[in-house]
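Encoded as structure tokens, the structure appears first; notes follow it.
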């Protein structure tokens, strides 16, 4: 199978971007990615876009074609993937397969979401479509409630504490201070997180990722071609995707997202490396409990020991394995369709040594972990210098 | 590049299916496709789904994972593609690339839409998201209006008549009489079509495809493997996809869908055959004018001569090139995300000699043509016996 590398990355500022529409956001990130790659747009052969809920949020579907149109890339084949909050990573994986198949050599992959044009309740219902509409959302269970159930069970089984979850928020907001693209540049103390109001007990406001507008684009190419295009392409050396029950009720247990375990296993097998080889990781912290579960399911820590690991600083910038150096979904923001692609952007910059104040020393291997819904889709990718 | 063939097909009845939800529809079609292929479900390695507007229509996104879950296929990688009314074909193309890349050998591809759970106005707005929300839908231009503009221009430039458009409806409803899965089993005379009320002049009610619930599934496999699996796999010998301006205002002219021309050219080049080699075709007749433009843009007839060709019976069951033997979107129905996959089902049955009363004699080469929106995405596929 042909190998795929990233040759250019671009991000918009994440946040409440009142003065830009979805199409403007994706164009901005796209032009930055093309500039970063040093290629002319004419070398691009196809477009993949990840967006979750644009139909509900801005009345616009057909996002692949919209992106191609907006970037002046007609008549290239344009695709939109949707896998809830994992839409961006699923778009990236399918773009990779388009290159692996020999159909294309250079592909643009965008993730984008414009979430602030409707009221917060409508955003909650739109995002609720990532779970099971019939057995969850219809009965009032929006996402904070679903993750609260997982958090409660994790506390019950492993003694994980609200303070440990809060430490995830403290760490990620600290990391976000060094990310110019992050939605929040604001540090919080443990006390401040603990004193924020409950959204769905035990999850408090500051345990939750925000509502965000934003776009991320990467340009990918067949690796041999990539090496001729840019000084330091970043190769995707392993990629795994798995599905799981869309409703929590279908799970064997609530403390593990099994699709993470399976996707990670595939990615590590493909890359022929182990979890100890990873130097930096972006994981899906839509809620603080999600980061704790992720670092366990990915194998960085044993099941049940994630909370303690965070408390002991093992996942901090100077810890054993720096997690969410970008600030994560928590502080960088979570424009759902963009998130998977934005995670790849952070890892590329880390491996290229361009992460500035967030730079992890001697970062050779990076990992991204992107979850759709409460775990019905998970993508895990592994990266190193090509 | 590895070759891909279809080894099993399944359809639900198309229509207003009040007693089945989206997940039940796709499960029904999926089980039929698996049964048709003769394989056990365990040979399937990934799931691709095409759905356009489930977020708006049933409050459910994350359709790939939902389908995998419903079909008992967790933890297989599950993907949803959205490209408006071309969602099904774009899903099929990406599933093909997943096989061509070597990532998978056997993949299930579903298309599904559940359109009757909301009122017709909401369906209109949801479908309007296939065009340009900002410059078209926001100002009141839903799809009948957009295609009416194309029809008016076609009449002006080429003398195409309302009667010629009506003849498309007469033909497709006649064909639909022989399709047990069609939404309508009702023939119309030219006079009846002409006397139906205007929806957006010159398009009348009976020029428009209906609102439909339904699902279609095909099982595809690498061709050498496919030959060992079933007696007569149908190979996809050419596939082209192109994008075009999402808004009509961005087009060079309104009488051609340029993405059709480009996608067809690619498909024919890949298959190393010409349009004269095609024996049967399913084209995207969301409105009658769309079929006339399609048979011109695909090269069956010269630009401007499509209307006359229909009038002269050249596209009838016993004509030069039978078009929409299934009844087309017009009579079979148009569950938007399912349509592209359902077109493939019809061509497979034609080439396998299983089309019963709709059977085209000596059908060796088939074509499908699936349009997203007013032409911002087009997929053209070519098929023959493997």
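Each value in this text was obtained by applying a stated rule to the coordinates, not by laboratory testing. In this text, all values refer to a predicted model and were calculated from it rather than measured experimentally. With ideal geometry, Cβ positions are generated from the backbone for all residues, glycine too; neighbour counts draw on all protein chains shown.
Based on the alpha-carbon gyration tensor of region A:123-183 and its eigenvalue square roots a ≥ b ≥ c, which shape applies: rounded if a/c is under 1.5, prolate if not and a/b is larger than b/c, or oblate? Because a/c hits 1.5 or more and a/b fails to exceed b/c, region A:123-183 counts as oblate. Counting other Cβ atoms within 10 Å as a rough exposure proxy, the listed residues B:198, A:181, A:48, B:147 run B:198, A:181, B:147, A:48 from fewest neighbours to most. Of B:282, A:235, the sequence from fewest to most neighbouring Cβ atoms within 10 angstrom is A:235, B:282. Residues B:57, A:76 in ascending order of nearby Cβ atoms (within 10 Å, fewest first): A:76, B:57. In the assembly of identical copies, residue B:364 has its label point, taken 7 Å from Cα in the direction of the beta carbon, separated from the corresponding points by 5.9 nm (ascending, one decimal). Reducing region A:359-383 and region B:183-231 to their Cα centroids gives an inter-centroid distance of 42 Å.
State the Cα centre-to-centre distance between region B:90-149 and region A:276-351 in whole Å. Region B:90-149 and region A:276-351 have Cα centres spaced 35 Å from each other. Here the sum of -39500 (n - 2.57) over DSSP H runs of 4 or more residues, divided by the residues of chain B, equals -11500 deg cm²/dmol at 222 nm, to the nearest 500.
For chain B, the longest principal axis of the Cα atoms and the long axis of helix B:87-100 meet at an angle of about 40 degrees. In nanometers and ordered shortest first, the copy-to-copy spacing of the residue A:149 label point, defined 7 Å from Cα toward Cβ, is 4.6.
Once the Cα atoms are used to define both axes, helix B:288-297 deviates from the longest principal axis of chain B by about 70 degrees. Sort the protein assembly as shown into rounded, prolate or oblate with this rule: let a ≥ b ≥ c be the square roots of the eigenvalues of the Cα gyration tensor; rounded if a/c is under 1.5, and if a/c is not under 1.5, prolate when a/b is larger than b/c, oblate otherwise. Note, shape of the protein assembly as shown comes out prolate.
Between 0 and 90 degrees, the angle of helix A:258-271 with respect to the longest Cα principal axis of chain A falls at about 40 degrees. Please work out whether region A:55-161 counts as rounded, prolate or oblate from its C-alpha gyration tensor, where a ≥ b ≥ c are the square roots of the eigenvalues and a/c under 1.5 means rounded, while otherwise a/b larger than b/c means prolate and anything else oblate? Judged from the Cα gyration tensor, region A:55-161 comes out oblate (a/c at least 1.5, b/c at or above a/b).
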